[in-house]
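K.L.:
Got a structure here, written out as structure tokens. Questions coming.
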Amino acid sequence: MKKIVVLGGGISGYGSAILAKKKGFDVFLSDKGKIADRYKAALDQWEVPYEEGQHTEERILAADEVVKSPGIPEKAPMVCKIREAGIPIISEIEFAGRYMDKARAICITGSNGKTTTTSLIYKILRDAGYNVALGGNIGESFAYSVATGSYDWYVLELSSFQLDGMCKFRAHIGVLTNITPDHLDRYDYCFQNYIDSKMRITQNQLSNDYFIYSGDDEVIWQQLPKYDLRMKQLPFAAKNAVASGAGDAFLLDGKFTATVGKSSVEIDTNRMQIPGLHNTYNAMAAALAALAAGVAPEQIQRSIYDFQPVEHRLEPAGEINGVLYINDSKATNVDSTWYALESMKRPVVWIAGGTDKGNDYEPLKKFAREKVHTLVCMGVDNKKLVDNFTGIVPKVLSTGSLEEAMQAARAAARPGDVVLLSPACASFDLFKNYENRGELFKEWVASHAK
């Protein structure tokens, strides 16, 4: 019996272990940290053996194949030992993809916008009555959905780390929203390594598959000539003139038209509930994906107009004394925050900071100069932010906790202003994750709005 070891006991890991168990493998899950109670309960229910707080090398190195969770870096000591032993390492996506049967996958990646785009595509297909599951980086584990359900379509948000462990898996419809520097600490601080990872969304695609990408993203179109792309290409753009025989989407005078083959849909962006140019891009990508999946244009229109903002992404959190508070905690890199600042229509008190991933703040300075009157830095080490924005923003304040940052922002804000939490950094210095940071921000606003 083939031995499968699953490294990591989070949402990706527990799903992979349960799928391996269902498929009859000799499976063992190992997590160096603590496994959440709900995942342990599921593993117990499926009678999957596991360990936490340690890695038993002898048992792990006896594996025929290892399914590695995306949060575990390649340089982790255990991963290095598995590589040295010559044991193949794959991702949950690769593993689960083997058991999809005739189902098709719409896969979305990009430095920014992938959660909104994924959620929107999922909503359109679900509203249209498709038998569809949501997974990957959001929703349920892809592997768990494959193990416990039977679907015709999977809509999967894929991080670069999930793409790295893919070999034979293919996206029937692949979406690449953009490529900007992110996670460079995991890619030897080499942007090209990260680019190569994102471009893996196209691997194994066939001539009847679709590749949807931003025609306004210079990094992407510089990469295209390097690849032998056989699939149908569907670019979307607001600035560049792009066209493809298979279809495309373009923005003109506040409306965009998306076309795939003979099917076409027009969207008035003023009727969308998600503001900003970045969300227009997300909607264009989603419309193209839905058309490629065969959804009727009228249904696409209804679903896009009905779509609400994703939690922690430019999410209105409430109002206090005429000041609007916006939770954009999901903005964990510079490019996400660029789009947030770009979409602001009121004077801004901006809360930023956290774990810096090698950020270059230069792109933010134009909007910061034009729109921000106070920057509240919230982190263990704020020096880089303070140095970059002193002289750009009239008032720069350094704080070391959420409470301190919120009090400083409230004191600086005037009626008609917006307090924008858009950190441009990871959250791990003060919080468990970006969700925890966003929840605490919203709780603070709710308690002070009473």
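K.L.:
When the chain is treated as a GNM, springs tying every alpha-carbon pair under 10 Å, which of Gly174, Gly318, Gly53 comes out with the largest mean-square fluctuation?
P.N.:
Gly53
K.L.:
Moving to a separate point now. What pairs in Lys384/Lys432; Lys226/Lys371; Lys114/Lys345; Lys21/Lys330 have C-alpha atoms more than 29 Å from each other?
P.N.:
In this structure, Lys226/Lys371; Lys21/Lys330 lie more than 29 Å apart at Cα.
K.L.:
Working from the alpha-carbon coordinates of segment 300-398, get Rg over Rh, Rh being the Kirkwood radius.
P.N.:
With Rg and the Kirkwood Rh in hand, the quotient comes to 1.00.
K.L.:
Which whole-number percentage describes the relative contact order of the chain, with Cα contacts under 8 Å and a sequence gap of 6 or more?
P.N.:
Computed value for the chain: 11 percent relative contact order.
K.L.:
If you don't mind, there's one more thing I want to ask. Averaging sequence separations of C-alpha pairs under 8 Å and six or more residues apart, then dividing by the length of segment 94-213, give the relative contact order as a whole percent.
P.N.:
Value for segment 94-213: 34 percent.
K.L.:
Among Thr355, Thr259, Thr115, determine the one that fluctuates most according to a GNM of the chain built with springs between C-alpha atoms less than 10 Å apart.
P.N.:
Ranking Thr355, Thr259, Thr115 by mean-square fluctuation puts Thr355 first.
K.L.:
Using +1 on the beta carbon of Lys and Arg, -1 on that of Asp and Glu, and nothing else charged, what's the dipole of segment 63-129 about the Cα centre, debye to 20?
P.N.:
In total the dipole reaches around 240 debye.
K.L.:
For segment 3-54, which GluC sites (Glu not before Pro) are in a loop by DSSP, counting at most 16 other Cβ atoms within 10 Å?
P.N.:
Filter output for segment 3-54: Glu47.
K.L.:
At 1.4 Å probe size, put Lys23, Lys442 in order of accessible surface, largest to smallest.
P.N.:
Lys23, Lys442
K.L.:
Report the local net charge at Gln233: Lys and Arg +1, Asp and Glu -1, summed over other residues whose C-beta lies under 14 Å from its C-beta.
P.N.:
Values: positive: Arg230, Lys232; negative: Asp209, Asp217, Asp228, Asp248.
Result for the neighbourhood of Gln233: -2.
K.L.:
I would also like to ask the following. Sum up the charges of everything whose Cβ sits under 11 Å from the Cβ of Pro49, counting Lys and Arg as +1 and Asp and Glu as -1, but leave Pro49 out. Don't skip to the end; give the middle numbers.
P.N.:
Numbers: positive: Lys21, Arg59; negative: Asp26, Asp44, Glu47, Glu51.
Every neighbour counted, the sum reads -2.
K.L.:
Could you grab the Rg to Rh ratio for segment 114-216? Cα atoms only, Kirkwood for Rh.
P.N.:
0.97
K.L.:
What does the charge dipole of the chain about its Cα centre add up to, to the nearest 20 debye, if the Cβ of each Lys and Arg holds +1 and the Cβ of each Asp and Glu holds -1?
P.N.:
Charge dipole of the chain: 420 debye, to the nearest 20.
K.L.:
Of Val419, Tyr39, Val175, which is farthest towards the positive pole of the chain's charge dipole, taken about the Cα centre with +1 and -1 on the beta-carbons of Lys, Arg and Asp, Glu respectively?
P.N.:
It is Val175, whose Cα lies furthest towards the positive end.
K.L.:
For segment 113-260, what is the percent of antiparallel DSSP beta bridges, rounded to the nearest 5?
P.N.:
25 percent
K.L.:
Continuing with this model, one more query. Taking a cut-off of 19 Å between Cα atoms, list the aspartates and glutamates near Lys102, but don't count ones fewer than 8 places away on the same chain.
P.N.:
Hits, sequence-local ones excluded: Glu92, Glu94, Asp152, Asp209.
K.L.:
To continue, here is another question. Summing -39500 (n - 2.57) over the DSSP H runs of n ≥ 4 in the chain and dividing by its residue number, what mean residue ellipticity at 222 nm do you reach, to the nearest 500 deg cm²/dmol?
P.N.:
For the chain, the value works out to -10000 deg cm²/dmol.
K.L.:
Of all DSSP beta bridges located in segment 315-388, what percent are antiparallel, nearest 5?
P.N.:
Taking every DSSP beta bridge within segment 315-388, about 50 percent pair in antiparallel fashion.
K.L.:
Moving on to the next point. Would you grab the residues whose amide H sits under 5 Å from the one on Val396? Only those 5+ places off in sequence or on another chain, please, with H modelled 1.01 Å from N.
P.N.:
Counting only residues 5 or more places away or on other chains, the set is Leu375.
K.L.:
Next up: What per residue convex hull volume, in Å³, comes out for the chain when only alpha-carbon positions are used?
P.N.:
Output value, Cα hull per residue: 152 Å³.
K.L.:
Which one of Asn359, Leu341, Tyr325 has its Cα pushed farthest toward the positive end of the charge dipole of segment 324-368, where Lys and Arg give +1 and Asp and Glu give -1 at the Cβ?
P.N.:
Checked the options; the winner is Tyr325.
K.L.:
Same structure again: If the cut-off is a Cα-Cα distance under 17 Å, which aspartates and glutamates reach Lys32, setting aside same-chain residues fewer than 8 apart in sequence?
P.N.:
Those aspartates and glutamates meeting the cut-off are Glu51, Glu52, Glu57, Glu58, Glu74.
K.L.:
What whole-number distance in Å separates the alpha-carbon centres of segment 253-310 and segment 414-450?
P.N.:
29 Å
K.L.:
Could you work out how far the C-alpha centroid of segment 323-366 sits from that of segment 41-116, in angstrom?
P.N.:
Cα centres, segment 323-366 to segment 41-116: 33 Å.
K.L.:
Hey, another quick one. Summarise the accessible area of segment 317-450 (1.4 Å probe, protein heavy atoms) by the percent that is carbon and sulfur.
P.N.:
Reported share for carbon and sulfur atoms: 53 percent.
K.L.:
Let me ask you something else. Please give the net charge around Asp152, taking every other residue with its beta carbon less than 14 angstrom from that of Asp152, where Lys and Arg add +1 and Asp and Glu add -1.
P.N.:
Local charge sum for Asp152: +2.
K.L.:
Which far-off residues, 5 or more places away or on another chain, put their amide H under 5 Å from the one on Val27, with H placed in the peptide plane?
P.N.:
For Val27, whose amide H was placed from the backbone, the distant partners under 5 Å are Ile4.
K.L.:
Return the long-range amide H neighbours of Ile108 (sequence gap of 5 or more, or a different chain), with a cut-off of under 5 Å between placed amide H atoms.
P.N.:
Leu156, Glu157, Leu158, Val175
K.L.:
For Lys239, go through the lysines and keep the ones whose alpha-carbon is under 17 Å away, minus same-chain ones fewer than eight residues off.
P.N.:
Excluding near neighbours in sequence, the set is Lys255.
K.L.:
Roughly how many Å² is the accessible area per residue of segment 257-391, as a whole number, for a 1.4 Å probe?
P.N.:
Value returned for segment 257-391: 38 Å² of accessible area per residue.
K.L.:
Hey, got the dipole for segment 1-90? About the Cα centre, +1 on K and R Cβ, -1 on D and E Cβ, debye to the nearest 20?
P.N.:
220 debye
K.L.:
Taking a threshold of 27 Å on the Cα-Cα distance, which of the pairs Lys198/Lys357; Lys3/Lys40; Lys22/Lys198; Lys198/Lys442; Lys68/Lys365 fall above it?
P.N.:
Lys22/Lys198; Lys198/Lys442; Lys68/Lys365
K.L.:
So what are the ³J(HN,Hα) numbers for segment 257-269, from phi and the Karplus equation (6.51, -1.76, 1.60; θ = phi - 60°), rounded to whole Hz, Gly and Pro as x?
P.N.:
Along segment 257-269, the couplings run 10, 10, 10, 10, x, 9, 9, 8, 9, 10, 10, 8, 5 Hz.
The values are calculated or read from the model by the stated rules, or taken from the named source; none is laboratory data. Keep in mind it's a predicted model, so treat the numbers as computed, not measured. Every residue, glycine as well, gets a Cβ built from its backbone with ideal geometry; the counts of neighbours run over all protein chains shown. Heavy atoms of the whole protein, side chains included, go into the accessibility calculation; ligands, DNA and RNA do not. Shrake-Rupley method; radii C 1.70, N 1.55, O 1.52, S 1.80 Å.
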